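Structure, as structure tokens:
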Amino acid sequence: METLLVIDSYLSKEERAMTCKNLIKDLREVYPNHKILLINKFQESWNLDAEVDYYFSTKGFLVGYPPQDVLDSKKYAIPYTYFTTDVGTFENWFPLTNVSDHVADVFNSFVLSSKIAESLGYSKIFKIEYDTVFDREELESLRNDVENFEDYLFYGVRKEGSWLGEKQYLIDVHMIGYTTKIFKDFTVITQDREFWDLCEKVSYYGKWIEYVIPAVTEFVRTNLDLKGTEYHIKMNEMFPRSRFDAISSPGLWTNTWDEIPKICRAGTKSGDEHAKDNEIVVYYIAKGKYEEENKKVRTWCRIRKESTGETIYDKDVTVKPGMWVFDQLFIHEPVIINIQTDHGFKKEYTLHPEDIKRIDPRFVFNQ
């Protein structure tokens with residue numbers, strides 16, 4: 001039987017529905033012999049249930065703050081992005097909530113699609129996120145992968161971060177192939193504790209679905225002989241003319257790069273990140289939408305003593321994508337930090353020396 005095509009969606013507004021409708025149209029034209037299942041995590045179908053062969057509507061939940069026992073164990077993998085230079089690595093750490101909290105919903109789509117496919121007589125699934133806009137030629141180039149993968153089809157296989165375990169790696173999940181036997185013994189998650197129990201089971205404690213699915217696969221591999229196809233190149237590099245995450249909701253993940261520069265705590269590769277307790281790194285880099293749109297950013301950062309108003313740092317700099325600049329400062333009393341960019345970002349706040357170690361972004365020096 002042909003591979004079942006599954007679209008994972010959250011059709012909360014018309015723009016999302018229209019993007020999904022276009023994806024269905026493209027799949028119909030390129031893969032006319034394949035059936036399509038649409039999973040929608042919103043109550044409104046926008047009549048797309050009539051556009052596909054199978055339709056399933058569900059309602060999920062957001063995973064909240066990690067339980068204290070997980071945090072105390074030091075096993076929780078806080079999500080972050082990073083940028084490596086010859087001097088050191090900038091780590092943009094994210095808070096414990098409001099980032100990737102939809103992870104259980106995404107995991108459930110793997111379980112649900114597997115159960116539904118099996119009930120329909122399918123053994124293989126190729127799942128695509130609804131806000132994917134394919135270049136037609138690139139979509140057609142997927143045919144061999146879609147029809148001939150064995151137990152799994154992973155794009156963007158890679159390791160990121162020195163804290164990872166030996167068997168931990170991430171993948172791109174905008175599109176992915178898998179057999180029903182991988183998720184056969186897993187059930188739909190309905191509450192926070194069930195998600196953290198899943199983390200315990202597969203030995204990955206975090207809210208990145210890009211790590212959860214490989215962790216599940218490696219867990220299953222301990223009992224089953226799994227064979228798959230892996231591409232060790234990021235999806236947007238492998239398919240440069242297609243668009244993934246074409247509709248991104250505003251939030252910490254998408255807006256975090258608006259703040260330039262980043263005020264960072266300092267760290268070292270030896271792990272003694274507080275060797276210089278009062279040190280901060282003022283790090284300038286144009287990432288995110290600026291990099292995608294090849295836009296330069298002019299930014300101004302001023303730091304002054306709270307007690308006297310004396311300016312101890314004042315810099316006006318323009319950064320281009322691919323360019324980075326940083327300065328090191330030692331803070332021994334409360335300071336007021338003011339940041340502005342020519343793209344409309346403004347922020348002013350007070351930083352106390354004792355709070356430096358709790359700053360999310362970190363710059364890890366090579367020495």
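The values are calculated or read from the model by the stated rules, or taken from the named source; none is laboratory data. Treat the numbers as computed from the prediction; the structure is a model and nothing was measured. Glycine gets a Cβ as well: all are built from the backbone with ideal geometry, and neighbour counts include every protein chain shown.
Residues that are touching a strand residue (DSSP E or B) at 6+ places or on another chain (Cβ under 6 Å), in a loop (DSSP other than H, G, I, E, B) and either at pLDDT 80 or above or surrounded by fewer than 17 Cβ atoms within 10 Å (Cβ to Cβ) (or both) do not occur anywhere in the range 97-109.
Only one of the numbered conditions (1) within 24 Å of the chain's Cα centre (by Cα); (2) in a loop (DSSP other than H, G, I, E, B); (3) under 23 Å from His352 (Cβ atoms) is not met by Tyr283, and that is (2). The test for being among the polar types (S, T, N, Q), under 20 Å from Val87 (Cβ atoms) and more than 26 Å from the chain's Cα centre (by Cα) does not hold for Gln340.
So, Ser119, is that one free of Cβ contacts under 8 Å to residues at least 12 places away in the same chain, over 16 Å from the mean Cα position of the chain (by Cα) and in the same structural domain as Asp145 (by TED's automatic domain parsing) or not?
On the way: free of Cβ contacts under 8 Å to residues at least 12 places away in the same chain: yes; over 16 Å from the mean Cα position of the chain (by Cα): yes; in the same structural domain as Asp145 (by TED's automatic domain parsing): yes.
So Ser119 fits the description; yes.
Residues being assigned to a helix (DSSP H, G or I), surrounded by fewer than 20 Cβ atoms within 10 Å (Cβ to Cβ) and outside the structural domain of Tyr178 (by TED's automatic domain parsing) are entirely absent from the range 19-28.
Residue under question is Asp360, and the condition is that it be charged (D, E, K, R), modelled with pLDDT under 95 and either under 15 Å from Asp277 (Cβ atoms) or loosely packed, with under 13 Cβ neighbours inside 10 Å (or both); does it hold?
Spelling it out, it is not the case that Asp360 is charged (D, E, K, R), modelled with pLDDT under 95 and either under 15 Å from Asp277 (Cβ atoms) or loosely packed, with under 13 Cβ neighbours inside 10 Å (or both).
State all residues of the range 329-344 that are of a type in the set (A, V, I, L, M) and within 18 Å of Asn255 (Cβ to Cβ); if no residue qualifies, say none. Matches in the range 329-344: Ile339 only. One residue stands out among those in the range 76-111 that are under 14 Å from Lys287 (Cβ atoms) and β-branched (Val, Ile, Thr): the one that is nearest to the chain's Cα centre (by Cα), which is Thr81. Pairs meeting the criteria (first residue in the range 168-179 and over 15 Å from Leu5 (Cβ atoms), second residue among the charged types (D, E, K, R) and part of a loop (DSSP other than H, G, I, E, B), beta carbons under 9 Å, at least 6 apart or on different chains) are Gln168/Lys159; Tyr169/Lys159; Tyr169/Glu160; Leu170/Lys159; Leu170/Glu160; Asp172/Lys234. Kindly establish whether Phe154 is of a type in the set (A, V, I, L, M, F, W, C), in the same structural domain as Gly121 (by TED's automatic domain parsing) and part of a loop (DSSP other than H, G, I, E, B). So Phe154 fails the test.
If you go through the range 54-96 and keep only what is surrounded by 14 or more Cβ atoms within 10 Å (Cβ to Cβ) and within 30 Å of Leu120 (Cβ to Cβ), you end up with Tyr54, Tyr55, Phe56, Ser57, Thr58, Gly60, Phe61, Leu62, Val63.
Residues that are exposed (fewer than 14 other Cβ atoms within 10 Å of the Cβ) and either part of a helix (DSSP H, G or I) or touching a residue at least 24 places away in the same chain (Cβ under 8 Å) (or both) within the range 29-43 comprise Glu29, Asn33, listed in sequence order. Counting only residues that are among the hydrophobic types (A, V, I, L, M, F, W, C) and in a helix (DSSP H, G or I), the range 6-18 holds 2 of them.
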